[in-house]
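A.B. asks: One structure is given below, represented as structure tokens, and several questions about it will come after.
Throughout, read-outs are computed from the coordinates displayed, never taken from laboratory work. Keep in mind it's a predicted model, so treat the numbers as computed, not measured. Glycine also receives a Cβ, built like all others from the backbone with ideal geometry; neighbour counts cover every protein chain displayed.
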Amino acid sequence: MSSPPKRQSAMADWPGSFRTRLSGDFNLALMAVFTAVSVLALLPFFIYRLASGSFAAALGNGVLIVFLLSVFAFAWLSGRTEVALRAVVVGISLVLLYMVIGVGQPPHWIYPTVVANFMLTRWRFALTVNLVMIGIVLFAAPPDPTLAETLSFAASLTLVAAFSMFFVIHTDFHRERLNVMLEQDALTGALNRRALVGHLERAMRISSPGQQQALVVMDLDDFKQINDLHGHEVGDRVLVNLTRTVMAQTRRVDQFYRLGGEEFVLLLDNTDRAGAEVLLRKLQEALRQPLELEDGPVTVSFGVAFARRGESWPEWLARADQAMYQAKAQGKDRVVFAD
């Protein structure tokens, strides 16, 4: 009797889940808006050209609509938004070339395509695609046979591309600085809990038997005594040294976070149990010297859990956290695996 209400509740909650997912992934949100606007803009052209018998042009519109929806679905399911955005840039550029060269449409749609390419992906990749696209259009299908008009078209297109590129570079610079401020712990330089949530959700999506995701909860042993005996300045130095050591010992694909106080989280990408054991044993030894105080070394307890299908990221984090408390209960300064 209770199952139908649960299903209805899940169905009713999907808009909230959709908004939460988009709010935590800027690239996915950008792609969602671009896909929605593009499909709504292209659909009337597709219907009109199909009804009027312009089947070649309708084919280009239809292919682009299906392509955009398919790539967005890929990005949503896989989480690989950067790959999806690059595919969109290449795809819309190829369709534009087909419409201009193959169908004989005027090249005025190249202006919004150039701007969109810069907005959707990194400016170096977009610049390469735009230069190739512009060069092919100018060589194969100039808008006017006269040299003056062709040069005018090339100059205006160059200015649009340059202004778009500089605007995107300027915006990306400030957005990245803002992201650093929002997602980085001010004391240690590690990522914070805000960044952790989005990264855990992505790790859950890409986790598979061939690409295991390991979550390590780390907690400094007896840290309150360090603050009480040596002062908070020494305690802060211990936290900073721990962060520097962990980040120096791990790979660039791994992520390190400070949850708060003396508790940290390490997310290991594509790591099995044997690999995690080797890394954490090495990390234990590497931490002893930089964390050592006058009355002995500062030790760390580790709890490890691997992502499981069907569980949420809070459940995954809770398993790693429980394993860390087991390490504390077993004598501290040790590694305990949740599984």
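A.B. asks: Hey, got the dipole for the chain? About the Cα centre, +1 on K and R Cβ, -1 on D and E Cβ, debye to the nearest 20?
C.D. replies: Charge dipole, the chain, about its Cα centre: 1000 debye, nearest 20.
A.B. asks: Same structure, new question: Please rank His230, His174, fewest neighbouring Cβ atoms within 10 Å first, as an exposure proxy.
C.D. replies: Ascending number of Cβ neighbours within 10 Å: His174, His230.
A.B. asks: Now a separate question. For the stretch 112-118, in order, what is each residue's ³J(HN,Hα) by Karplus, 6.51 cos²θ - 1.76 cosθ + 1.60 with θ = phi - 60°, in whole Hz (x at glycine and Pro)?
C.D. replies: Values per residue, Gly and Pro as x: x, 5, 4, 5, 4, 4, 5 Hz.
A.B. asks: Another question, if that's okay. Considering the values (i) 0.93; (ii) 1.11; (iii) 0.97, which represents Rg/Rh (Cα atoms, Kirkwood Rh) as calculated for the structure under consideration?
C.D. replies: Looking at Rg/Rh (Cα atoms, Kirkwood Rh) for this model, the match is (ii).
A.B. asks: Round to the nearest 10 and give me the degree value, 0 to 90, for the angle of helix 81-97's Cα axis relative to the longest principal axis of the chain.
C.D. replies: The helix 81-97 is inclined about 10 degrees to the chain.
A.B. asks: To the nearest 0.05, what FRET efficiency results for Asp222 and Ala73 with a Förster distance of 51 Å applied to their C-beta separation?
C.D. replies: It comes to 0.50.
A.B. asks: Let me ask something else. With θ set to phi - 60°, apply the Karplus curve 6.51 cos²θ - 1.76 cosθ + 1.60 along the stretch 307-323 and write out the HN-Hα couplings as whole Hz, x wherever there is a Gly or Pro.
C.D. replies: 4, 10, 5, x, 9, 8, 5, x, 5, 4, 5, 5, 5, 5, 5, 5, 5
A.B. asks: Can you give the FRET efficiency for Leu22 and Gln326, using 1/(1 + (r/R0)^6), R0 = 41 Å, r = Cβ-Cβ distance, to the nearest 0.05?
C.D. replies: The formula returns an efficiency of 0.65 here.
A.B. asks: Label 7 Å along Cα→Cβ of Leu30; the stretch 160-186 residues with amide nitrogen under 20 Å?
C.D. replies: Inside the label zone: 160-184.
A.B. asks: Compute the length gained on full extension between Val253 and Phe163: take 0.36 nm times their separation in residues and subtract their Cα-Cα distance, giving the result in nm to one decimal.
C.D. replies: 29.0 nm
A.B. asks: Normalised by the residues of the stretch 193-337, what does the relative contact order come to in percent, with Cα pairs under 8 Å and at least six apart?
C.D. replies: Reported as a whole number, the value is 32 percent.
A.B. asks: Okay, next question. Taking H as built 1.01 Å from N, whose amide H comes closer than 5 Å to the amide H of Ala307, not counting residues under 5 places away?
C.D. replies: Counting only residues 5 or more places away or on other chains, the set is Gln213, Leu215.
A.B. asks: Report the Cα centroid-to-centroid distance between the stretch 237-293 and the stretch 62-114 in angstrom, as an integer.
C.D. replies: 42
A.B. asks: Would you mind getting me the FRET efficiency between Val63 and Arg237? Use the beta-carbon distance for r and R0 = 56 Å, nearest 0.05.
C.D. replies: 0.40
A.B. asks: Starting from 0.36 nm per residue, how many nanometres of slack lie between Ser208 and Leu40 once their C-alpha separation is accounted for?
C.D. replies: 56.9 nm
A.B. asks: Can you compute the label reach from Tyr48? Point 7 Å from Cα along the Cβ direction, backbone N cut-off under 16 Å, restricted to the stretch 55-91.
C.D. replies: 55-62
A.B. asks: Could you work out how much longer the chain between Ser156 and Arg244 gets when fully extended? Use 0.36 nm per residue separation minus the Cα distance between them, nm to one decimal.
C.D. replies: 26.7 nm
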